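Notes for the one structure printed next.
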Amino acid sequence: MNLNMVQAINQALAQALAADERVVLLGEDIGPDGGVFRATEGLSERFGTDRVMDTPLAESGLVGAAIGMAALGLKPVAEIQFLGFIYPAFNQIVSHAARLRNRTRGRFGAPIVIRTPYGAGVGALEHHSESTEALFCQIPGLTVVVPSSPVEAKGLLLASIRSEDPVLFLEPTRLYRAGKEEVPEAAYEIPLRRARIVRPGADLTILAWGAMIPISLQAAEEAAAAGHSAEVIDLRTLSPMDEEAVLASVRKTGRALIVHEAPRAFGAGAEIAALLAESALLHLKAPVLRVTAPDITVPLAKSEAAYYVDAGRIGAGITRLMEF
Amino acid sequence: MLTDAFDAARGERVGILDPDGRVLRPDLLPALTPDDLRRVLALMILTREADRKALLLQRQGRLGTFASSLGHEACQVGSAFGLRAEDWAFPYFRDMGLYLTVGYPLATYYHYWMGNEAGFRTPDGLNLFPFAIPVASQIPQAVGAALAAKHLGKPLAVLTTFGDGATSEGDFHEGLNFAGVHRAPVVFVCYNNQWAISTPISRQTASASIAQKAAAYGFPGLAVDGNDVLAMIAAVREALDRARSGGGPTLIEAFTYRMSHHTTSDDASRYRSREEVETWERRDPLARFRAYLAAQGYWDQDFEGRLGAETGARIEAAVAEAEKTPPASLEDLFVFTYKEIPARLAAQLAERKMQLGGAR
Ligand SMILES: Cc1ncc(C[n+]2csc(CCOP(=O)(O)OP(=O)(O)O)c2C)c(N)n1
C-alpha cells in the first residue's frame, strides 16, 4: 500500500498491538484524538483504552510507568508529543531505563519504546524543532533509532518494539507527510544497529539520518551531473552506531561528509569524525567535513531557513571535499 | 477572607455575578472605580478582538500556529488586573489577556506568533518572563522569584499562570511544595478550561477540584468562577495582598472553558461535543460583564461603539506594525546565544553570511 510515514507508523503500531497482547501504548492525546500527528489514529477504538492509554500530562510519570509496566512483562510504547517536551522524562530515561540492565546485573531490562517527533523544517512553534539526539546517544544502554522513509519507519519500529532494550525512536516531523511510498502490508522488521547504503557511490560518502536523507540524495544526484559519485549512508540506528558500515564506505571512497540538522558542536557528527580519525585516517583523501546547523537555538518560523541544512549546502560540501 | 469563606474541598466556588450579570454577592464586590470597570471591559474586548484577529491572520497564512484565548478574557484580565508595576508575572502560552493587561505591546505579541524573533523582547521595565511553552516549567521559576523578593526584602508578589494539564506535571507539584515550605509570596492561578488538548479534566486528575490540591502543600486554595471577571479580580487581589504581606502562597483555580481549538493545528470537534461548547457560550464572560456595567449605568451602546472603534484601530495598527517589521537578521539569530559571542560561533556566522550571499 502507498503510505506516508505517519500511516506506516500507524500500521506498525496496529500490527504490533494485534500480534502481541503484551504491547500497550501510552501517551498524551494518543487515544480518541489519535495523537497530535494522528500516528495512533483509530487504535484506541480498535484495541481499547486500556491498551491505547491517554495519560495525564506528565512525561516523567508516563515513562516511569512504562518502565514499571515492562518489569511485569508488558511491552510499552510511549509517545512523547515532541522531543522538545521529553526533558521532564529525562531522568527516568537516563537514570533508569538505560541502566536497569546494568543495575540488576541482567535480571531486569527496560524493553520500552519511546516514540517522539523531532527536527526542524516545518516552521513549528518554539521548542518543537530541536534535534537533540546527541544528548541521548551518549547514554550507555539506550538505543537511538531514526527512520528516513515510510518503509524504514515501519520495519525499524517493529524491530524496536521487539527489542529487549529501551529504544528512543525519533520520527522526523518533516518526513511525516513528505511523501508516500509502497510499504509492504505484512509485518516486517528492519534489524537495529545496521546502517544501509541508500545510494552507492565511489568518490565520497555522505553520512546522514532522518530528514537529511532525502536532501542528501538530492545533493548526490546534483553532484553526479558534475561527475562526483557520492555514496549515501543512512545510519538508521545512531547509537550504538554501525561503525563497520561507516568505516567500510569511507575506506572505499576516501572522503566523508557528515550531514546533520542538529547544531555542530558536540553533535553526533563529532563522534563519526572521531571514529574516522581513529580508524580510517590513512584512507582519507580529504579532511572529514560536517554540514550542520549552527550552534544556535532553532529560530522561529520566519528565520528557520537561515538555520536549516539544505541540499545547496550539502552540494557545497561535496564540492569542497572533491576539490581539496 | 475569601479563602476562609469558600471551601474548595466542598465544591464551593467564588462567584459575584450570575451568568446574566446580576450581582449575587454584593458583599464581595471588589473596590473598583467606574474608570477601573471600564478599563477592565476595554481590556477584555481588546483581548477577544486581538485574538479573533490572530485567528483570521492565521487562516490567511499571515501568522503561524496560534493558541487562542477565546473564553479566557475574564480570568486572564482578572488575574493580571491586581498586579502592580513592581510585581512579576510568569505566564504560560495561552495568556494574551495577561500580556495586554500589563501593557505588553500587541504588535510584539503578534510578532512571536508570526514567527519573528522580534517577539522575544519583553519591553524594558515590564517584570514579565517570556511565556513558557513547555507545560508547567514556569511554576518553579515563579517560586524562585518570589523567594528572591522575600530574601531581598522587596514587598512584591509574583503571579504565575498555567492550565489544568500543567497540574499533572512534576514541576507543578515541586513548585507548590517548595512555595509552601518556604512561604513564598507567590500566587498560582490555574485556568481550568476543562481540556488539555484532547484530555478532559476527569482524565487529568482524580481530585474533585484543582484548588483543593493546595491543602496538601499547606496553603489556601480557592476555586473561582473564571468567567466572572469581578470574582477573579477580588480573589487574585486578595491573594496578591496576602503574598505581599508575608502570608505566603495561594492557589487559585479559575473555572473556565477553552472556547476555541487547542491551537490552530488542532480540531476540537474530534473530542468534544457541540452541546458542551454551547453550554459554555451561554456563560460568556464578556456578555456577563457588559450586562453588569449596563445595570450600573456605566455602559451603553454609545460607549461600546467608541470602544469598538478604538480597539479596532489599535489592532489594525499593531498588525501593520508587526507585518512591516522584517524578520530577524542573521546576526540577531547568533548574538543572543551568549552574552559574548564565542569565536567558533562568530566563525559560523561569517560562514553562514557567505553562504547566504549577504542576502540577509
Ligand atoms: C512538557 C510539555 N508536554 C507536552 C506539551 C504539548 N502540549 C502543549 S499544550 C498542551 C496541553 C496543555 O493543557 P493545559 O495545561 O490544560 O493548558 P491549556 O492548553 O488548556 O490552556 C500540551 C500537551 C508541552 N507544551 N509541554
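The values are calculated or read from the model by the stated rules, or taken from the named source; none is laboratory data. Remember, it's a predicted structure, so these values are computed and weren't measured experimentally. We place every Cβ from the backbone using ideal geometry, glycine too, and count neighbours over all the protein chains shown. Ligands, DNA and RNA are excluded from the accessible area calculation, which covers all protein heavy atoms including side chains. Shrake-Rupley method; radii C 1.70, N 1.55, O 1.52, S 1.80 Å.
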Hey, got the average number of other protein chain Cβ atoms within 10 angstrom for residues in B:325-331? 3
With DSSP loop assignment and no more than 14 other C-beta atoms within 10 Å, the trypsin sites (Lys or Arg not before Pro) in the range B:303-355 are B:Lys339
Kindly flag which residue pairs out of A:Lys285/B:Lys353; B:Lys53/B:Lys154; A:Lys302/B:Lys53 have an alpha-carbon separation exceeding 30 Å in this structure. B:Lys53/B:Lys154
Which of the aspartates and glutamates could a cross-linker bridge to A:Lys75, judged by Cα under 17 Å and excluding same-chain residues fewer than eight apart? A:Asp20, A:Glu21, A:Asp50, A:Asp54, A:Glu164, A:Asp165, A:Glu189
Compute the distribution of all C-alpha to C-alpha distances in chain A, in bins of 20 Å from 0, and list the percent of pairs in each, rounded to whole numbers. 33, 57, 10
Straight-line reach from B:Lys150: which aspartates and glutamates fall under 15 Å, measuring Cα to Cα and dropping same-chain residues less than 8 apart? B:Glu86, B:Asp87, B:Asp241
Expected sort for A:141-152, A:19-30 on mean C-beta neighbours within 10 Å, highest first, is A:141-152, A:19-30
Average Cα contact separation per residue, the range B:71-214, under 8 Å, 6 or more apart, as relative contact order %: 23 percent
Students often check this: by mean Cβ neighbours within 10 Å, which of B:269-279, B:250-260 ranks highest, and how do the rest follow? B:250-260, B:269-279
Evaluate E = 1/(1 + (r/R0)^6) for B:Ala287 and B:Glu316, where r is the Cβ-Cβ distance and R0 equals 30 Å; express this FRET efficiency to the nearest 0.05. 0.75
Give the shape of the range A:92-158 as rounded, prolate or oblate, defined through the alpha-carbon gyration tensor: a ≥ b ≥ c are the square roots of its eigenvalues, a/c under 1.5 means rounded, and otherwise the shape is prolate if a/b is larger than b/c and oblate if not. oblate
Based on the mean of other beta carbon atoms within 10 Å per residue, what is the order of B:125-131, A:5-11, most packed first? A:5-11, B:125-131
Rounded to the nearest 0.05, what FRET efficiency do B:Tyr338 and B:Phe120 give with R0 = 22 Å and r taken as the Cβ-Cβ distance? Could you check? 0.90
Describe numerically, in nm with one decimal, the distance between label points set 7 Å from Cα along Cα→Cβ at B:Ala9 and at A:Glu21. 4.3 nm
Whole-Hz ³J(HN,Hα) from phi, Karplus 6.51 cos²θ - 1.76 cosθ + 1.60, for the range A:170-180, glycine and proline x: 9, 9, x, 3, 4, 9, 3, 10, 6, x, 10
Taking only the Cα positions of the range A:254-324, the convex hull volume per residue in Å³ is 72 Å³
Please quote Rg/Rh for chain B to two decimal places, taking the Kirkwood radius as Rh and restricting both calculations to Cα atoms. 0.99
Between the range B:13-44 and the range B:73-102, the alpha-carbon center distance in angstrom: 17 Å
Log entry, pair B-A: total buried accessible area, probe 1.4 Å, protein chains only, in Å² rounded to 100, is 3100 Å²
Roughly how crowded by other chains is peptide B:57-66, in terms of the mean Cβ count from those chains within 10 Å of each of its Cβ atoms? 1
Output ³J(HN,Hα) for the range A:195-205: one whole-Hz value per residue in order, computed from phi by the Karplus curve 6.51 cos²θ - 1.76 cosθ + 1.60 with θ = phi - 60°, and x for Gly and Pro. 6, 9, 8, 7, 8, x, x, 10, 9, 7, 10
Accessible area per residue of the protein assembly as shown at 1.4 Å probe, in Å²? 39 Å²
Taking every other residue with Cβ under 9 Å from the Cβ of A:Met241 and scoring Lys and Arg +1, Asp and Glu -1, one gets -2
Any idea what angle helix A:311-323 forms with the longest principal axis of chain A, computed on alpha-carbon atoms, 0 to 90 degrees, nearest 10? 40 degrees
Given 4 °C and 1.567 mPa s, compute D for the protein assembly as shown with the Stokes-Einstein relation, Rh being the Kirkwood radius over Cα pairs; round to the nearest whole µm²/s. 48 µm²/s
Once amide H atoms are placed 1.01 Å from N in the peptide plane, what residues at a sequence separation of 5 or more from A:Ile206, or on another chain, have their amide H within under 5 Å of its amide H? A:Glu231, A:Val232, A:Ile233, A:Leu257
Sorted by chain and then number, the residues having a modelled amide H within less than 5 Å of the amide H of B:Ala223, at least 5 places away or on another chain, are B:Ala8, B:Val14, B:Glu253
Check which residues have an amide H placed less than 5 Å from A:Ser239's amide H, if you skip close sequence neighbours. A:Val144
Distance in nm between B:Glu275 and A:Thr104 label points, each 7 Å along Cα→Cβ, equals 4.8 nm
The range A:179-324: relative contact order from alpha carbon pairs under 8 Å, six or more residues apart, as a whole percent, is 26 percent
Could you name every residue in the range A:52-88 that has 40 Å² or more less accessible surface in the full protein assembly than in its own chain alone (probe 1.4 Å, ligands and nucleic acids excluded)? A:Asp54, A:Pro56, A:Leu57
Options A:Ile296, A:Tyr307, A:Leu276, ranked by Cα towards positive dipole end of chain A, top entry (Cβ charges): A:Leu276
What is the mean number of Cβ atoms from other protein chains located within 10 Å of the Cβ atom of each residue in peptide B:128-136, rounded to a whole number? 3
At a threshold of 8 angstrom on Cα-Cα distance, excluding pairs fewer than six apart, so keeping six or more, what relative contact order does the range B:129-262 reach in percent? 28 percent
In Å, what is the Rg of the alpha-carbon atoms in the range B:11-59, and how long is Dmax? 15.2, 45
Compute the helix-to-body angle for B:138-151: its Cα long axis versus the longest principal axis of chain B, expressed 0 to 90° and rounded to tens. 80 degrees
In whole Hz and in residue order, list the ³J(HN,Hα) couplings for the range B:266-272 that follow from phi through the Karplus curve 6.51 cos²θ - 1.76 cosθ + 1.60, θ = phi - 60°; x for Gly and Pro. 9, 10, 5, 5, 5, 10, 9
What percent antiparallel are the DSSP beta bridges of the protein assembly as shown, to the nearest 5? 15 percent
Could I have the simple spin-label model distance between B:Ala309 and B:Gln296, label points 7 Å from Cα toward Cβ, reported in nm to one decimal? 2.5 nm
Counting only protein heavy atoms, what percent of the accessible surface of the protein assembly as shown is carbon or sulfur at a 1.4 Å probe? 54 percent
